[in-house]
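Q: Can you keep this structure in mind? I'll have questions shortly.
Throughout, read-outs are computed from the coordinates displayed, never taken from laboratory work. Everything numeric here is computed off the predicted structure, so don't read it as measured data. Cβ sites come from the backbone with ideal geometry, for glycine too, and all protein chains shown count toward neighbours.
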Amino acid sequence: MKQKIGLGVGLAAILVWCLLPVAWIISLSFKSQDAVSNGSEGFLPQPGGGAGWQNYSDVIGDDQFRRAILNSIGISLIATLLSVVIATLAAYAIARLEFRGKRFVLTTALVIAMFPVVSLVGPLFDMWRTIGIYDTWLGLIIPYMSFTLPLAIWTLSAFFREIPWEMEQAAQVDGATSWQAFRKVIVPLAAPGVFTAAILTFFFAWNDFVFGISLTSTETARPIPAALSFFVGPDPFSRPASLLAAGAVVATIPIVIIVLLFQRKIVAGLTSGAVKG
Amino acid sequence: MAAITMKNIVKKYGDGFPAVNDVSIDVQDGEFMILVGPSGCGKSTLLRMIVGLEDITDGDMVIGERRVNDLAPRERNLAMVFQNYALYPHLTVYENIAFPLRLAGASDEEVDQKVRDASKTLELDEHLERKPGNLSGGQRQRVAMGRAIVRDADAFLFDEPLSNLDAKLRGQMRTEIARLQKRLGITTVYVTHDQTEAMTLGDRVAVLKRGVLQQLASPRELYTNPANLFVAGFIGSPPMNFLPATVQGGSVELPFGTVRLPEDKAGRVPEGKLLIAGIRPEHFEDAAVVDDAKRDLGSTFTTKVDVVEWLGNEAYAYIPFEADDAVREQLTQLERDLDGDTMRSQLVVSLDGSSQIAEGDDAEIWVDARAMHLFDPETGDNLTIDLDRAGRVPAKEDPEAAAAAEHAAEDAAAH
């Protein structure tokens, strides 16, 4: 009983810690701009200080914002897709094949993942300008992939190693080519790993600010986190805090949707029953 | 349907270790062939070379009329049941069984008909829509077999299919496999380390030790005419007794007394040399319950019985004895080869259930000398073998090649 109370208190503390800022930003997004400028205390909007859905319709009605959301979704999805496909193939090779320099590939991948993002911004800025992909989707997709691939490869190769060799051999004896065995048996079995890698990659791409603000200059490729910082509103001296809050809430919605979608696919113990009892 | 012919098959791994060394086995069309031996004898490697999951270093693998050495597994048209079943957990039982057909591009009606036929044969009808994870061990085993029989494969290959089941189920599935194979009449190669499965299932049994074929014969031939100490010790449960023995004037001197040797056997063994006598437990009996007619065919001796285990229909009596150093060394080596750990300096005697011999008694034991074999302690060869009834013994066909293979195996084991 004591343990249960302790557990409850602990959980509540963690929830408050994590969700209070989210709750606050939601509360802020429903307050009117004037009320915020005049100092609106309290969690709920004060009488006459509420804005209803006005902030949201303003945000969604804004061309710049819509464009940024589109950029973010496009860039993140493409980066995720490419990263997961490449990582799946690479991780399979790492888990199954013995080749020279395997350890080297793995360690290098890890080193890249640990590389400070900021230190790459300068060189990339110069390079992208020279080869002409500055301020394009591609210019963001490439760094996102190079930072998320290592993690995806590590996650996936761990999953592939768990899948018994026999599954694949059985498929080959049953008449499958190596590719068919991979596609029809190994990939479905590694699905939880694939979706885990996809979520991680998508998060990284969606949340990135440093690349987003340094490698773009116009709204053709600027993703949402960078765009929010440029979101000044009509008066440059008073930032539209409640409008920004509404924008931030809208920006989190795709992440929530993606997580809910993928989470169902991450069913632990999918391989149970493959081999012996 | 096809015969499988292995000619001088060799498998060497990167470090030069010969996992399979110069093995030749011919599996007839429709035959049930068993590959048996203790762990590390190369039996699974050999099976995987047949199916194509393992490269063949040297020799010819012929299935039907085709040499398949360089063919991929899918081009060999063989069906295999893996030790751990290797079912596809993301597919239902139905789709698991249908998997080979789908790969072959069969139409939906054909798939449905064949899957239902197979599931009926294996009594899996009510489980077709379930996932393998929800099945019991025996059911999974049957699904794995369903996946094999649903195709018109040239041969079935089994890799220790029963080793993950409990004892009772193992007995049932053993009968099931035997029945299925007889009904389908399909060539089958079955790998096991269990000598009971080898004896009960096989038309013929190939006994392997450290990658070298020791003897290829029917179960009865293996049992009555083992080629060497290894085969003699491996086949039979409880195992054959090995005793130090010296032949003098047509009689064998054993630790317990002297036994007259049948003449055909006496002529083949050297006199005065220390040998190892092999006698199966059931060739002993309580002298009190032996028929008079039978009694004269063997000899009797009196000895002190240490322990008696009475099982109802029979009883096992244990009689300790002192072995020579030379014999003991050979027997210890044999135990290592057989994966065993018991020191065999005791005699196991199977007595009739009606025997009154009790622990600590000085009992009179009768031994059937006709069934005794004598082995050379240095080479382990059976000196009293009846080669006409021993199937194929590679060591007798080409002693030099066999000796070279044995040496290679021993060298590899020593490193």
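Q: Compute the angle between helix A:102-114 and the longest alpha-carbon principal axis of chain A, please, reported from 0 to 90 degrees and rounded to the nearest 10.
A: Here the helix axis deviates by roughly 10 degrees.
Q: Return the FRET efficiency for the residue pair B:ASP125, B:ARG183: r is the Cβ-Cβ distance, R0 is 25 Å, and the value is rounded to the nearest 0.05.
A: 0.85
Q: Amide H neighbours of B:LEU254 under 5 Å, at least 5 residues apart or on other chains, H built in the peptide plane: list them.
A: B:VAL259
Q: Please report, in whole Å, how far the alpha carbons of region A:1-131 spread along each principal axis, starting with the longest.
A: That gives 70, 59, 26 Å along the principal axes, largest extent first.
Q: Right, another one. Report the convex hull volume per residue for region A:1-61, counting only C-alpha atoms, in Å³.
A: Each residue corresponds to 111 Å³ of Cα convex hull volume.
Q: Just order B:361-367, B:36-42 by mean Cβ neighbour count inside 10 Å, highest at the front, would you?
A: Highest mean packing first, the order is B:36-42, B:361-367.
Q: How far apart, in nm, are two points set 7 Å out from the Cα along the Cα-to-Cβ line at B:GLU271 and at A:ARG239?
A: Label-label distance for B:GLU271 and A:ARG239, simple model: 11.3 nm.
Q: Rg and Dmax of chain B, Cα atoms, in Å?
A: Spelled out, the Cα radius of gyration and Dmax of chain B are 24.1, 77 Å.
Q: Could you tell me how many cubic angstrom of Cα convex hull volume region A:124-199 has per residue?
A: 109
Q: For helix B:167-184, what angle does its Cα long axis make with the longest principal axis of chain B, in degrees from 0 to 90 and rounded to 10?
A: 60
Q: Let me ask something additional. When you take every Cα atom in region B:229-384, what is the radius of gyration, and what is Dmax, the widest Cα pair distance, in Å?
A: Radius of gyration, then largest Cα-Cα span, for region B:229-384: 14.9, 41 Å.
Q: Run the reach check for A:LYS184 against lysines, Cα to Cα strictly under 24 Å, same-chain hits fewer than 8 apart removed. What comes back?
A: Of all the lysines, those that pass the test against A:LYS184 - Cα under 24 Å, at least 8 places apart if same chain - are A:LYS265, A:LYS276, B:LYS114, B:LYS131.
Q: Here's a follow-up. Quick one: P(r) of region A:185-253 from all Cα-Cα pairs, 5 Å bins, percents rounded to integers, in order of increasing distance.
A: Computed distribution, short to long bins: 3, 14, 18, 16, 17, 9, 8, 6, 4, 2, 1, 0.
Q: Turning to a different aspect of this structure: Determine, at each q value in 0.06, 0.07 (inverse angstroms), the log₁₀ of I(q)/I(0) that the Debye formula gives when each Cα of the protein assembly as shown is one equal point scatterer.
A: For the protein assembly as shown, the Cα-only Debye profile gives -0.57, -0.69.
Q: With each run of n ≥ 4 DSSP H residues scored as -39500 (n - 2.57), what mean residue ellipticity at 222 nm is computed for chain B after dividing by its residue count and rounding to the nearest 500 deg cm²/dmol?
A: Value at 222 nm, helices only, nearest 500: -8500 deg cm²/dmol.
Q: What are the semi-axes of the equivalent ellipsoid for region B:253-295, taken as the square roots of 5 times the Cα gyration tensor eigenvalues, largest first, in whole Å?
A: 23, 13, 10
Q: Shifting gears a bit: Per residue, how big is the convex hull around the C-alpha atoms of region B:44-203? Give it to me in cubic angstrom, could you?
A: Convex hull of Cα atoms, per residue: 123 Å³.
Q: Given points 7 Å out from each Cα along the Cα-Cβ axis, report the B:THR200 to B:ASP152 separation in nanometres with one decimal.
A: Placing both labels 7 Å along Cα→Cβ, they lie 3.3 nm apart.
Q: If R0 is 30 Å, what FRET efficiency do you get for B:ALA288 and B:SER237 from their C-beta distance, rounded to 0.05?
A: Computed FRET efficiency for B:ALA288 and B:SER237 comes out at 0.70.
Q: How many angstrom lie between the Cα centre of region A:185-201 and the Cα centre of region B:332-389?
A: 59
Q: Helix A:137-162 against the longest principal axis of chain A: what's the angle in degrees, Cα atoms only, rounded to the nearest 10?
A: 50
Q: Label points 7 Å out from Cα along the Cβ direction at B:THR302 and B:ASP60: separation in nm?
A: 6.5
Q: Here's a follow-up. With no solvent and one equal point scatterer placed on each C-alpha of region B:289-358, evaluate the Debye formula and give log10 I(q)/I(0) for q = 0.15, 0.19, 0.22 Å⁻¹, two decimals.
A: With no solvent term, the Cα-only Debye profile gives -0.68, -0.92, -1.02.
Q: Then there is this: Report the Stokes-Einstein translational diffusion coefficient (µm² s⁻¹, integer) for region B:304-415, Rh taken as the Kirkwood radius over Cα pairs, at 4 °C with viscosity 1.567 mPa s.
A: 75
Q: If you average the alpha carbon positions of region B:171-230 and of region B:4-19, how far apart do those two centres end up, in angstrom?
A: 21
Q: Would you give the gap between the C-alpha center of region B:27-41 and the C-alpha center of region A:112-184, rounded to a whole Å?
A: 45
Q: Between B:ASP26 and B:GLU75, what FRET efficiency follows from the Cβ-Cβ distance if R0 is 22 Å, with the result rounded to 0.05?
A: Using R0 = 22 Å, I get an efficiency of 0.50.
Q: Given that compact globular proteins tend to follow 2.2 N^0.38 Å, what is the ratio of the alpha-carbon Rg of region A:63-265 to that value?
A: Normalised Rg, Cα atoms only: 1.20.
Q: If you don't mind, another one. Rank B:VAL269, B:VAL23, B:VAL205 by mean-square fluctuation in a GNM of chain B with C-alpha springs under 10 angstrom and give only the top-ranked residue.
A: With Cα springs under 10 Å in chain B, the top fluctuation among B:VAL269, B:VAL23, B:VAL205 is at B:VAL269.
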